[in-house]
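The structure that follows is given in the form of structure tokens.
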Amino acid sequence: FTVREEMPKGTFIGNVPEGANMAAEYTPDILDTLRYSFSRTEGNSVEDLFNLDEVSGDLTSAAVIDRDDICYQKEECQLKLKIQVLPEQYFAILTVNVQVIDINDNIPRFENSTYSVRVKENVFQYTKIVQVHATDPDKGQNG
């Protein structure tokens, strides 16, 4: 699944049974009995960013997701969720990957707040006048 960062809380991300193609394995009657929950792992708090409907398997955002905070300085932001399927006779652990897509939500930060230069009027065209340095927490084309 994919979700753009900074989307509002409650944004639909995907349906776990559809994403796992469970209809190919189970009849509609069995699908109606299945229940979904996070299989929490120690030290993994990414589940706190998501809500999972126990009956439908709909995955939504539980908060505004800021890619620049959760995947700081990483080229890709791929979050792994473990989803438990019950009842016991249909027990399974599904791995759901959620890619958080970067948006251009940060402004560049320049090394200096102002730059002053003097340029002679007879300087040649395309002559380098000044070089500035800036950083931006956004990645790729947004950085």
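Counting other beta carbons within 10 Å of each Cβ, put Ser37, Ser45, Ser61 in order, fewest first.
With the fewest neighbours first, Ser37, Ser45, Ser61 line up as Ser45, Ser37, Ser61.
In the range 1-51, what GluC sites (Glu not before Pro) fall in a loop by DSSP, with at most 16 other Cβ atoms inside 10 Å?
Counting only loop positions with at most 16 other Cβ atoms within 10 Å, the GluC sites (Glu not before Pro) in the range 1-51 are Glu6, Glu25, Glu42.
Express the Stokes-Einstein translational diffusion coefficient of the chain in µm² s⁻¹, to the nearest whole number, given a Kirkwood radius over alpha-carbon pairs, 37 °C and a viscosity of 0.692 mPa s.
Here the translational diffusion coefficient equals 178 µm²/s.
Additional query: Long-range amide H contacts for Ser39: which residues qualify at under 5 Å (H placed 1.01 Å from N, peptide plane, sequence gap of 5 or more or a different chain)?
Those lying under 5 Å, H to H, from Ser39 are Lys82, Ile83, Gln84.
May I ask you to list the lysines whose Cα is less than 18 Å away from that of Lys120, ignoring any residue fewer than eight positions away on the same chain?
Answer for Lys120, where 18 Å is the Cα cut-off: Lys128, listed by chain and number.
Any read-out appearing in this document is the output of simple, stated calculations on the displayed coordinates, not a laboratory observation. Note that this is a predicted model, so its numbers are computed, not measured. Glycine also receives a Cβ, built like all others from the backbone with ideal geometry; neighbour counts cover every protein chain displayed.
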